[in-house]
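Take a look at the structure set out below.
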Amino acid sequence: MDDIFKRRPFKVRNADEYDLDNVLNLFVSPIDGLTNPFDYENTIIKGRMGSGKTMYLRANHAYYLYGLVPNLTAENTELILPVLIRLSDFQQIREPSLVYRAVITKIIEELTSIYIHLQDAKKLAALHCGMKLFSADMLSTEKLSVTIRQLLKLDGDEYIERVTNELGLKGGIKHKFIEISKEWKETNFIEIKKKANPGIKDIEECYKNLLKDQEGKILLLIDEAGSLDKSFFQSDTGLPFFEILMNQFRTSSFIRTKIAVYPNTYSDMLTETRYGDVVRLEENVNNDVGYKRFHSRVMHLIHNYLNPKTHNETKYEPNDIFEVTENGIYGDCLEQLMYASNGNMRRLIHLLDMVMNTAYTENGKAVKISIEHAFDTLKQHADNTESLFSEQEKDFLGNVVSACKARGSFKFTFPHMSPILYKYTSKSQEYNIVNIDELGSGRKGTVYSFDYSYCVFKDIPTHYIEDTEKIHRDRTLNGGRWINRVAQINQQIIDQAILPGKIDGYFDYIQTDKRVGFIKCDSSEEYYFNDGQIIESDRNKPIMIGKRVRFFPSNVGDTKFATSIEVL
C-alpha cells in the first residue's frame with residue numbers, strides 16, 4: 001500500500017492537466033438512465049467551478065477523436081468531427097462582434113487542425129489505451145460502437161500498425177482527409193482570417209471541403225462560456241451575439257453543440273429546450289437521493305484514480321485504502337469527505353489527496369484511512385481557509401459561531417448584515433466558510449449556512465440523533481439526521497452568546513396564565529423562571545413544555561433562578 005500513497009493518485013485536480021488517455025481513464029459519467037454523455041446531441045452542461053464541466057467536454061473530444069480514425073477508412077460511414085474551443089481565449093475582447101468573429105475563426109482553425117491529432121502515433125496509442133478501460137454501457141453510442149468494439153480487440157501495437165497503414169502515416173499515400181485539411185489550413189484558412197465578417201457559412205464551406213465525398217457532421221464542444229464579458233450576452237437592440245451564435249449552431253443540420261456554463265450567470269440564458277437538454281453536474285449531498293447518486297459516482301471515481309492506466313496492473317479497490325462501511329453508505333470517512341465537498345468533484349479530489357497525506361503523516365507510513373483522519377483533514381482545511389481573514393474578521397465570525405452553537409444549528413439568518421457577510425460568502429468561487437442557502441425576498445431574510453468543514457473545525461452541530469433533538473457528535477446519517485433548524489440571529493443574541501457561564505435546558509413546567517414555571521437543565525437541576533427573564537428578542541416566541549432554552553443560572557437564598565433566557 002506504500003506505493004499507492006507515494007504515487008498520490010489524487011494530486012491532479014484540473015482537467016486541463018490530463019493527457020487525452022488519462023481523461024478517458026478517469027472520466028465518470030454524471031448521467032443515469034437511458035442517456036449517454038457521448039450521445040451526438042445538443043447539451044447544456046451546468047455546474048459551478050470545479051464540478052467537472054471541462055472533464056465532460058474533454059472526454060467527449062477524446063471519444064469522438066478515437067471514433068474518427070476507423071470511420072475515416074470505412075466505407076459509407078458518417079464522420080463526426082469533434083471541435084473543442086475555450087471561450088476564455090477571448091476574455092480580453094470587450095466588443096461583442098469581435099468575440100463572435102474570433103469564435104467563428106477559432107472553430108475553422110480547429111476543424112482544419114484535427115488531422116494533426118491523427119498523425120501522432122503516440123496520441124493514437126494513448127487514446128486506444130483509454131478506450132480499452134471504458135465499460136460496455138459507455139460504448140453504446142450509435143455510429144461508433146460496432147467499429148470501436150472491433151478495434152478494442154487489438155492490443156496497442158496491433159492497433160497502431162493497422163491505423164498508421166490505413167491512414168498512410170508510414171510514408172505511403174496519406175488519407176485524403178489529412179491532405180485536404182493540411183492544404184486548407186495553409187491556404188483557405190489564411191484567407192478567412194482576413195475576412196471582415198466570417199460567419200456560419202464559412203464553417204459550412206470548410207467542413208464540406210474537408211469531407212468531400214464522405215458524409216459527416218461537426219460536434220462543437222464549447223468550454224468556459226462564463227469567462228466572456230457580459231456584453232456578449234446582453235443587447236439593448238435585438239438579440240445578443242451569444243444567442244445569435246447559438247441559434248445559428250442550433251439551426252445548422254450539420255452541427256451539434258455541447259456547451260458548459262456556470263448556473264445563475266449571464267451565460268446561463270439558454271432556458272428553452274431547443275438549445276439542448278441540461279446536464280447538472282452537482283448533487284445536493286444533504287439530500288438522501290442526491291447523496292446516494294454522488295456516493296455511487298465517488299466510488300467509481302476513486303477506483304479509476306487508483307487504477308489510472310490499465311486493467312492488467314494490480315488493481316486497488318476503495319476499501320483497500322479507505323475504511324468503508326461494508327453494508328451501507330453511511331458512517332465512514334468517505335461520508336465526511338463527501339459532505340465537505342458539497343457535491344463538487346474538484347474539491348472532493350483535493351480532500352482525498354489531503355486525507356491520504358494526513359493518514360501518512362500521522363502514522364509515518366501508509367495505513368487505511370479512518371474517519372478520524374477525515375475529521376483531522378477537514379479541520380486542517382477549514383483552518384487554512386480561516387487564516388485568509390484578518391483578526392477582526394475572525395472575531396466577528398467567532399461571534400456568529402457562538403450564537404449558532406448556542407442555538408444548536410449550522411444555518412442562520414442575520415438581518416441587515418448582508419454587506420458584512422458578503423466577504424465570507426464570496427472569498428472564493430469554489431469554497432467559502434459561509435454559504436448562501438436561500439436568497440431572501442420581501443420580508444423573508446437570506447438563509448446562510450456554515451461550510452461543513454468549518455462546522456467540524458468549530459464544533460458547530462450539524463446532525464441530531466435520529467428521532468431526537470440531541471446532537472449527534474459522529475455527524476452521520478447512520479442513526480442520525482440533518483439539523484434543519486435555522487437560527488434567528490441579531491446583535492442581542494450575539495451579545496448573549498459570547499457571555500460565559502450560560503447553560504442549556506428545557507421548559508419542564510409552565511403556568512400558562514402567568515408565563516412562569518421551571519426550567520430543568522441537562523444535569524436535571526430545576527430553575528424558577530418568569531417571562532420577564534426572557535431576552536427581549538425572544539419574548540414573542542411561543543413557550544411550551546420541552547422547548548430548549550439557554551440561560552444564566554443564579555441563586556437567591558435557597559431558590560435557583562434562570563435569567564437572560566434564550567428560547568432556542
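Arg58: assigned to a loop (DSSP other than H, G, I, E, B), more than 19 Å from His295 (Cβ to Cβ) and of a type in the set (Lys, Arg), yes or no?
no
Scan the stretch 455-473 and give yes if some residue there is open to solvent by less than 20 Å² (accessible area, probe 1.4 Å), over 14 Å from Lys405 (Cα atoms) and under 27 Å from the mean Cα position of the chain (by Cα), otherwise no.
no
Which condition from (1) assigned by the TED database to the domain that holds Leu421; (2) over 15 Å from Gly408 (Cβ atoms) is the one that Gly480 breaks?
Failed condition: (2).
Quick one: would you say Ser409 is open to solvent by less than 20 Å² (accessible area, probe 1.4 Å), at pLDDT below 95, assigned by the TED database to the domain that holds Arg481 and within 21 Å of Ala487 (Cα to Cα)?
For Ser409, the condition - open to solvent by less than 20 Å² (accessible area, probe 1.4 Å), at pLDDT below 95, assigned by the TED database to the domain that holds Arg481 and within 21 Å of Ala487 (Cα to Cα) - is met.
Can you pull out the residues in the stretch 12-45 that are assigned to a strand (DSSP E or B) and in contact with a helix residue (DSSP H, G or I) (Cβ under 8 Å, 6 or more places away or on another chain)?
Matches in the stretch 12-45: Ile44, Ile45.
Of Ser252, Ser227, Ser267, which residue is more than 26 Å from Val23 (Cβ to Cβ) and among the hydroxyl-bearing types (Ser, Thr, Tyr)?
Result of the check over Ser252, Ser227, Ser267: Ser252.
May I ask you to list the residues in the stretch 12-27 that are under 25 Å from Leu270 (Cβ atoms) and either open to solvent by 30 Å² or more (accessible area, probe 1.4 Å) or without any contact (Cβ under 8 Å) to a residue 60 or more places away in the chain (or both)?
Across the stretch 12-27, the qualifying residues are Ala15, Asp16.
Exactly one condition in (1) at pLDDT 95 or above; (2) outside the structural domain of Glu323 (by the TED database) is false for Ser370; which is it?
(2)
Can you name the number of the only condition in (1) touching a residue at least 60 places away in the same chain (Cβ under 8 Å); (2) over 19 Å from Gln488 (Cβ atoms); (3) in a helix (DSSP H, G or I) that Tyr422 fails?
(1)
Filter the strands (runs of 3 or more DSSP E) completely within the stretch 508-560 down to those with at least 3 residues that are modelled with pLDDT of 85 or more and buried (at least 17 other Cβ atoms within 10 Å of the Cβ).
In the stretch 508-560, the matching strands (runs of 3 or more DSSP E) lie at 516-521, 548-556.
Condition test on Gly445, is it among the small types (Gly, Ala, Ser), open to solvent by 10 Å² or more (accessible area, probe 1.4 Å) and either under 17 Å from Asp288 (Cα atoms) or not assigned by the TED database to the domain that holds Ser537 (or both)?
yes
Could you check how many residues of the stretch 305-332 are closer than 28 Å to Thr54 by Cα, open to solvent by less than 60 Å² (accessible area, probe 1.4 Å) and at pLDDT below 90?
Summing the residues that are closer than 28 Å to Thr54 by Cα, open to solvent by less than 60 Å² (accessible area, probe 1.4 Å) and at pLDDT below 90 in the stretch 305-332 gives 4.
Identify all residues within the stretch 242-273 that are open to solvent by 70 Å² or more (accessible area, probe 1.4 Å), in contact (Cβ under 8 Å) with a residue 40 or more places away in the chain and not in a loop (DSSP other than H, G, I, E, B); write none if there are none.
Arg250
Return the only residue of Glu335, Glu282 being assigned to a helix (DSSP H, G or I), surrounded by 14 or more Cβ atoms within 10 Å (Cβ to Cβ), of a type in the set (Asp, Glu) and within 21 Å of the chain's Cα centre (by Cα).
Result: Glu335 is the single residue among Glu335, Glu282 that is assigned to a helix (DSSP H, G or I), surrounded by 14 or more Cβ atoms within 10 Å (Cβ to Cβ), of a type in the set (Asp, Glu) and within 21 Å of the chain's Cα centre (by Cα).
Can you tell me which residues in the stretch 62-102 are assigned to a loop (DSSP other than H, G, I, E, B) and either among the small types (Gly, Ala, Ser) or surrounded by 16 or more Cβ atoms within 10 Å (Cβ to Cβ) (or both)?
If the condition is that a residue be assigned to a loop (DSSP other than H, G, I, E, B) and either among the small types (Gly, Ala, Ser) or surrounded by 16 or more Cβ atoms within 10 Å (Cβ to Cβ) (or both), then Ala74, Thr77, Ile93 are the ones that fit.
Would you please name the residue that is farthest from Arg407 (Cα to Cα), looking only at residues in the stretch 516-563 that are hydroxyl-bearing (Ser, Thr, Tyr) and more than 44 Å from the chain's Cα centre (by Cα)?
Thr559
Please verify whether the stretch 383-398 includes one or more residues that are more than 20 Å from Lys6 (Cβ to Cβ), assigned by the TED database to the domain that holds Phe414 and open to solvent by less than 10 Å² (accessible area, probe 1.4 Å).
Within the stretch 383-398 (the criterion being more than 20 Å from Lys6 (Cβ to Cβ), assigned by the TED database to the domain that holds Phe414 and open to solvent by less than 10 Å² (accessible area, probe 1.4 Å)), the answer is yes, since at least one residue qualifies.
Hey, does the stretch 344-352 have a residue that's open to solvent by 40 Å² or more (accessible area, probe 1.4 Å), modelled with pLDDT under 95, out of contact with any Cys (no Cβ under 7 Å at 6 or more places or on another chain) and under 23 Å from Tyr330 (Cα atoms)?
yes
Could you list, in sequence order, the residues of the stretch 103-120 that are open to solvent by less than 40 Å² (accessible area, probe 1.4 Å) and of a type outside the set (Ser, Thr, Tyr)?
Val103, Ile104, Ile107, Ile108, Leu111, Ile114, Leu118
Return the pairs, sorted by first residue and then second, in which the second residue is in a strand (DSSP E or B) and open to solvent by 30 Å² or more (accessible area, probe 1.4 Å), the first residue lies in the stretch 491-517 and is within 30 Å of Ile420 (Cβ to Cβ) and among the acidic types (Asp, Glu), the beta carbons are less than 6 Å apart, and the residues are 6+ apart or on different chains.
Every condition considered, the pairs that remain are Asp504/Arg550.
The values are calculated or read from the model by the stated rules, or taken from the named source; none is laboratory data. Given the structure is predicted, the values throughout are model-derived calculations rather than measurements. Quick reminder, even Gly has a Cβ in these numbers, built from the backbone with ideal geometry, and neighbours come from all protein chains shown. What goes into the accessible areas is simple: the full protein's heavy atoms, side chains included, and nothing from ligands, DNA or RNA. Shrake-Rupley method; radii C 1.70, N 1.55, O 1.52, S 1.80 Å.
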